[in-house]
1. Which residue out of 8, 21 is exposed (fewer than 10 other Cβ atoms within 10 Å of the Cβ) and either touching a strand residue (DSSP E or B) at 6+ places or on another chain (Cβ under 8 Å) or under 23 Å from residue 72 (Cβ atoms) (or both)?
2. Going by the conditions given, is residue 41 in a helix (DSSP H, G or I), closer than 29 Å to residue 19 by Cα and at pLDDT 90 or above?
3. Residue 34 fails exactly one of the following numbered conditions: (1) more than 12 Å from the chain's Cα centre (by Cα); (2) modelled with pLDDT of 90 or more. What is the number of that condition?
4. Residue check: is residue 41 free of Cβ contacts under 8 Å to residues at least 12 places away in the same chain and in contact with a helix residue (DSSP H, G or I) (Cβ under 9 Å, 6 or more places away or on another chain)?
5. Surrounded by 10 or more Cβ atoms within 10 Å (Cβ to Cβ) and either over 17 Å from the mean Cα position of the chain (by Cα) or part of a loop (DSSP other than H, G, I, E, B) (or both) - does that describe any residue in segment 49-59?
6. For residue 37, indicate whether it is exposed (fewer than 10 other Cβ atoms within 10 Å of the Cβ) and more than 30 Å from residue 9 (Cβ to Cβ).
7. (1) in contact with a helix residue (DSSP H, G or I) (Cβ under 9 Å, 6 or more places away or on another chain); (2) in contact (Cβ under 8 Å) with a residue 40 or more places away in the chain; (3) not in a loop (DSSP other than H, G, I, E, B): which one isn't true of residue 20, the others all being true?
């Protein structure tokens, strides 16, 4: 006869259970933006978006296992 057994899910490694580090971005000086060539600026934007996506994913993982541990990121404009 089959029996149901409760199984606790394994905890992720400790290094995955810390909130993502979100360093300050580049200076927001309009005069500096014009000095960055458009293809380089587009690459910086792609990298920043990927970083944000990965940081948000990590924070969601931490909050899944320990609710309220990491601040909720604001939605991007």
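1. 21
2. Considered against the rule, which asks whether it is in a helix (DSSP H, G or I), closer than 29 Å to residue 19 by Cα and at pLDDT 90 or above, residue 41 comes out as no.
3. The number of the failed condition is (2).
4. So residue 41 passes the test.
5. no
6. yes
7. Only one criterion in (1) in contact with a helix residue (DSSP H, G or I) (Cβ under 9 Å, 6 or more places away or on another chain); (2) in contact (Cβ under 8 Å) with a residue 40 or more places away in the chain; (3) not in a loop (DSSP other than H, G, I, E, B) is unmet by residue 20, namely (3).
The values are calculated or read from the model by the stated rules, or taken from the named source; none is laboratory data. Quick caveat: nothing in here was measured; it's all calculated off a predicted structure. Note that we place each Cβ from the backbone using ideal geometry, even for glycine, and neighbour counts take in every protein chain shown.
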